[in-house]
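Peer 1: Have a look at this one before I ask anything.
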Amino acid sequence: MGEKYVELWKSLGLDLKKHGQLMEALPKFVVDLVFSQKNRPKKMDYFDFVLSEIHGLRVEELAKLRAAGNKVVGAFCLYAPEELAYAANATMVGLCGGADFSVPDAEKVLPQNLCPLIKSFYGFKVGLTCPYFQSCDMVVGETTCDGKKKVYELLNEEIPTYIMEIPHKPDSAQGRKLWLKELEMFKAELERVTGNNITAEKLKASIDLINNKRKALKRLSDLRKNSPTPISGLDALIVMQISFYDDVKRLTAKVNELCDELEERVRKGEGVAEKNAPRLMVSGCPMAIPNWKLHSIVETSGASIVAEESCTGTRYFSDLVETKGETVDDLLLALVEKYAKIPCACFTPNDARIKSVEKLAKEFNVNGVIYYTLQYCHSYNVESVKVGRALKSADLPMLKIETDYGSGDSGQIKTRVEAFLEIIKGKQ
Ligand code: BJ8
């Protein structure tokens, strides 16, 4: 990929030397963790290709869109309403960082004891090593957790950063009122930045576009309810991660093609793991690309991950936006309703998430749950108490893993996962 895109990377202002180091490390990492899996669906070939072109083809597409006058908006959270961005003829890309590589650059400025996801994205920006960040005309942040909202202030020194205020009690009338106002203000900001009006017609079309993507991802997720599961958790996670930056229509079509193949596998009773492999759900913090550490450890230890209760999982596609309304105001209200249902641990109380974990555990027929929290993520870390209690009542074992993006604790995590699987097998 290197030579071909050097001019593009130069034009985006990347630090070519440092970026080269990242590009050198990536292929081995992908081969070791992803391509080494057995019995992968053939239709993963598209997603493998996207991975092999991770800083190439899609970045080139974004450059072409920008050359044609379209804007690119970077986002870090499910609460960034992508429907509004597409209705303004902009493209949205997820910028959450999932790599350890950029953390040292972040730690030159930020405290070490901060969530690795935040350090990773900030490090990519100040280290000039992410071509997606460099392709953005603006980014949209949100007041979810304290770490993010304070780092957005610093990020604004590097790139225009628009902040949406997120209601932390979204079920309340005030919460919904605030969120509606925030959507109206973000709409106005997008119209200002892009120079395009967001009409009801355009908003309806973009809601359909994103709903179709969510439906395809839900279809993929539902297929994992089968036993044996027709796709590994790692491959499903990769599809989900790519869905945050790939072209929406193409991605939707490719996910549906993959699902066609998986349906065939289910019909034939084919799966990716041993027949009695424990079925696990991961619940907690999002896993941004290329954070594959936990999935890789778990699935090379003999279990299958069949669901992710996270923002890189069910929270993204569980609900669709209604398109009943005829006016922009109606459609904004429909967006309020949909987004208020995303149960982020930043909210209080967050009973919807506890109920969702219980429901998903049943639906996916899991034998246990791995509660995943990134270091220094207080919201998800503390919420593990209530999730743990609910799972105990349901007689489901839970293993809590608190980690970062480094590989230093991989051996220790593997030992704990293996011990957890022994407990599960004892109960099976
Ligand atoms: S809606 S989960 S994507 S905020 S950055 S909270 S890991 S300390 S990402 Fe999130 Fe939106 Fe909520 Fe989902 Fe913790 Fe880190 Fe904060 Fe994080």
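The values are calculated or read from the model by the stated rules, or taken from the named source; none is laboratory data. All values derive from a computational prediction rather than experimental measurement. With ideal geometry, Cβ positions are generated from the backbone for all residues, glycine too; neighbour counts draw on all protein chains shown. To get the accessible areas, we keep the full protein, side chains included, count just its heavy atoms, and leave off ligands, DNA and RNA. Shrake-Rupley method; radii C 1.70, N 1.55, O 1.52, S 1.80 Å.
Peer 1: Tell me which residues, restricted to segment 163-196, are within 14 Å of residue 92 (Cβ to Cβ), part of a helix (DSSP H, G or I) and among the aliphatic types (A, V, I, L, M).
Peer 2: Passing the criteria: 190, 193.
Peer 1: A further question on this structure: Could you tell me which residue of segment 266-286 is nearest to the ligand (Cβ to nearest atom), considering only residues that are open to solvent by less than 10 Å² (accessible area, probe 1.4 Å) and in contact with a Cys (Cβ under 9 Å, 6 or more places away or on another chain)?
Peer 2: Filtering segment 266-286 for residues that are open to solvent by less than 10 Å² (accessible area, probe 1.4 Å) and in contact with a Cys (Cβ under 9 Å, 6 or more places away or on another chain), the one nearest to the ligand (Cβ to nearest atom) comes out as 285.
Peer 1: Continuing with this model, one more query. Is it the case, given these coordinates, that residue 95 is touching a Phe, Trp or Tyr at 6+ places or on another chain (Cβ under 8 Å), hydrophobic (A, V, I, L, M, F, W, C), within 13 Å of the ligand (Cβ to nearest atom) and open to solvent by 20 Å² or more (accessible area, probe 1.4 Å)?
Peer 2: For residue 95, the condition - touching a Phe, Trp or Tyr at 6+ places or on another chain (Cβ under 8 Å), hydrophobic (A, V, I, L, M, F, W, C), within 13 Å of the ligand (Cβ to nearest atom) and open to solvent by 20 Å² or more (accessible area, probe 1.4 Å) - is not met.
Peer 1: Further question on the same structure: Under the condition of being without any contact (Cβ under 8 Å) to a residue 60 or more places away in the chain and crowded, with 21+ Cβ neighbours inside 10 Å, which residue from segment 106-119 is nearest to the ligand (Cβ to nearest atom)?
Peer 2: Checked segment 106-119; the qualifying residue nearest to the ligand (Cβ to nearest atom) is 118.
Peer 1: Right, here's the next one. Condition first: touching an Asp or Glu at 6+ places or on another chain (Cβ under 9 Å) and over 19 Å from residue 247 (Cβ atoms). Now tell me which residues in segment 201-214 satisfy that.
Peer 2: Those that are touching an Asp or Glu at 6+ places or on another chain (Cβ under 9 Å) and over 19 Å from residue 247 (Cβ atoms): 203, 204.
This table checks each residue for (1) part of a loop (DSSP other than H, G, I, E, B); (2) touching a residue at least 24 places away in the same chain (Cβ under 8 Å); (3) closer than 29 Å to residue 103 by Cα.
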{"position": "151", "(1), (2), (3)": "no, yes, yes"}
{"position": "158", "(1), (2), (3)": "yes, yes, yes"}
{"position": "198", "(1), (2), (3)": "yes, yes, no"}
{"position": "225", "(1), (2), (3)": "yes, yes, no"}
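Peer 1: Taking segment 215-235 on its own, how many of its residues are of a type in the set (A, V, I, L, M, F, W, C), touching an Asp or Glu at 6+ places or on another chain (Cβ under 8 Å) and open to solvent by less than 10 Å² (accessible area, probe 1.4 Å)?
Peer 2: Here the count works out to 1.
Peer 1: Filter segment 120-144 for residues that are among the charged types (D, E, K, R) and open to solvent by 10 Å² or more (accessible area, probe 1.4 Å); which is farthest from the ligand (Cβ to nearest atom)?
Peer 2: 137
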